[in-house]
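Okay, structure first, notes after.
The values are calculated or read from the model by the stated rules, or taken from the named source; none is laboratory data. Since the structure is predicted, the reported quantities are computational estimates derived from the model, not experimental observations. When we count neighbours, we look across all protein chains shown, and the Cβ atoms used for this are built from the backbone with ideal geometry, even at glycine.
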Amino acid sequence: MTLSLQQSRLGVNLILTNLAQGVIQPEFVMRLLYPLAETADYGGQAIVFDDSDYEEVQDDRADDTPYPEIQDGFYGQPYKLNTKGLMYRVGDKKADQMSRLNINWGVRASNRLMKRAGLNHEIQAATASTTVANYATTNRITLTAGGQFNDAAADPDLIIRTGKSAVSSQIGVDPNVCLMGQDVFDTLAVRYSRAFTAPSPSGMMNLLTEEMLANILGFDRVRVCRAIRKNGAGVKSRVMGKDLVMGYTNPAALNSDRISYVPNGAIDAETPSFGYTYVYENNPLMYNPYRDDDRGATVYKMDFDRQVINTGVDRTSGLITHGYLIKNAVA
């Protein structure tokens with residue numbers, strides 16, 4: 001990245017910023033559904049995608065007559081970025097105590113800040129993608145006792161195929177990504193591991209992997225959201241709970257959880273997708289560390305201004321059509 005004059009005056013640190021942008025976080029998977037797309041404004045019109053591309057238009061025309069006209073299958077939806085930032089403080093005595101470990105505090109600060117920012121994005125995106133009210137009625141189902149994946153009489157294949165069909169009947173393609181909570185994956189592993197995986201040469205049964213499950217269910221990617229959050233009372237919970245979400249995402253984002261944050265900033269937000277994370281240009285962005293003499297510490301600060309937006313939605317209702325939610329997939 002290059003620094004603008006304004007950024008230089010604000011004390012942006014190019015080295016620390018490059019470290020932050022180069023972080024790879026395979027443990028956070030929500031960028032598959034909400035890939036990062038840069039924007040130069042803190043507010044404006046986000047591109048959202050409707051069904052205009054599927055309108056039947058006759059292209060017959062006589063010579064020297066007007067050409068039939070078509071419109072883009074997207075339109076603008078107002079958005080405003082949330083300003084977000086974190087700081088990491090290193091006390092002088094702590095730094096002195098750990099000086100013999102040769103810790104690079106700049107590297108440590110960027111990693112710690114990105115770890116927490118990545119978790120916050122995971123929580124924000126998981127909330128947006130698992131909220132029932134965000135989906136069209138045809139694109140969601142809430143399972144109850146007797147019909148959940150861990151019930152013997154339930155058929156997860158049928159439920160998932162129904163969700164895929166609901167999406168493809170509206171946008172013309174099947175969902176290419178499936179994200180699920182840890183409990184959902186564990187349940188499917190019990191169902192499928194013995195039936196669909198052959199014993200290894202040692203005679204031991206292979207464990208079901210995300211890649212195997214993707215092949216079984218017919219997705220380009222299956223990922224398990226393993227992130228946990230701890231609330232103010234100290235109670236831990238799974239970020240994605242017991243839900244499953246499938247969606248059609250920008251194909252360029254299919255490896256976004258396996259690469260650094262920088263390439264995701266160049267993703268084309270004009271490609272139809274379940275959602276995008278609009279990120280202010282050059283974010284995440286870190287500043288020069290500064291001294292806090294009153295507290296005897298060095299402080300590192302980072303900006304990561306962004307907004308998670310559902311973009312694959314119905315034009316009239318604003319509800320998700322490019323995905324399908326299975327709420328309470330397991331008990």
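Here are a few things to note about the model shown:
- Filter pass, residue 216 being at pLDDT 95 or above, surrounded by 17 or more Cβ atoms within 10 Å (Cβ to Cβ) and not aromatic (Phe, Trp, Tyr): no
- Some residue of segment 124-147 being charged (D, E, K, R) and at pLDDT below 95: no
- Restricting attention to segment 121-180, the residues that are surrounded by fewer than 16 Cβ atoms within 10 Å (Cβ to Cβ), not acidic (Asp, Glu) and not in a helix (DSSP H, G or I) total 10.
- Each residue in segment 131-153 was checked for being within 25 Å of residue 322 (Cα to Cα) and among the small types (Gly, Ala, Ser), and 3 of them qualify.
- Checked against (1) part of a strand (DSSP E or B); (2) under 16 Å from the mean Cα position of the chain (by Cα), residue 273 meets all criteria but (1).
- Restricting attention to segment 215-266, the residues that are under 22 Å from residue 169 (Cβ atoms), part of a helix (DSSP H, G or I) and among the hydroxyl-bearing types (Ser, Thr, Tyr) add up to 0.
- Among the residues listed as 95, 62, the single one being more than 30 Å from residue 175 (Cα to Cα) and assigned to a helix (DSSP H, G or I): 95
- Looking across segment 260-307, just one residue is under 19 Å from residue 177 (Cβ atoms), among the hydrophobic types (A, V, I, L, M, F, W, C) and buried (at least 23 other Cβ atoms within 10 Å of the Cβ), and that is 274.
- Checking each residue in segment 192-208 for being within 26 Å of residue 27 (Cβ to Cβ) and either assigned to a helix (DSSP H, G or I) or modelled with pLDDT of 90 or more (or both) picks out 192, 193, 196.
- Checked against (1) surrounded by 14 or more Cβ atoms within 10 Å (Cβ to Cβ); (2) part of a helix (DSSP H, G or I); (3) in contact (Cβ under 8 Å) with a residue 40 or more places away in the chain, residue 112 passes all but a single condition, namely (3).
- Pairing residues of segment 238-256 that are in contact (Cβ under 8 Å) with a residue 12 or more places away in the chain and within 11 Å of residue 225 (Cα to Cα) with residues that are β-branched (Val, Ile, Thr) and assigned to a loop (DSSP other than H, G, I, E, B), at Cβ distances under 8 Å and at least 6 apart in sequence or on separate chains, gives 242/330.
- Qualifying residue in segment 73-81 (condition: in contact with a Gly (Cβ under 7 Å, 6 or more places away or on another chain), of a type in the set (Ser, Thr, Tyr) and either outside any loop (DSSP other than H, G, I, E, B) or modelled with pLDDT of 85 or more (or both)): yes
- A single entry from 40, 20, 46 fulfils the requirement of being surrounded by 14 or more Cβ atoms within 10 Å (Cβ to Cβ), under 16 Å from residue 285 (Cβ atoms), in contact (Cβ under 8 Å) with a residue 60 or more places away in the chain and small (Gly, Ala, Ser): 20.
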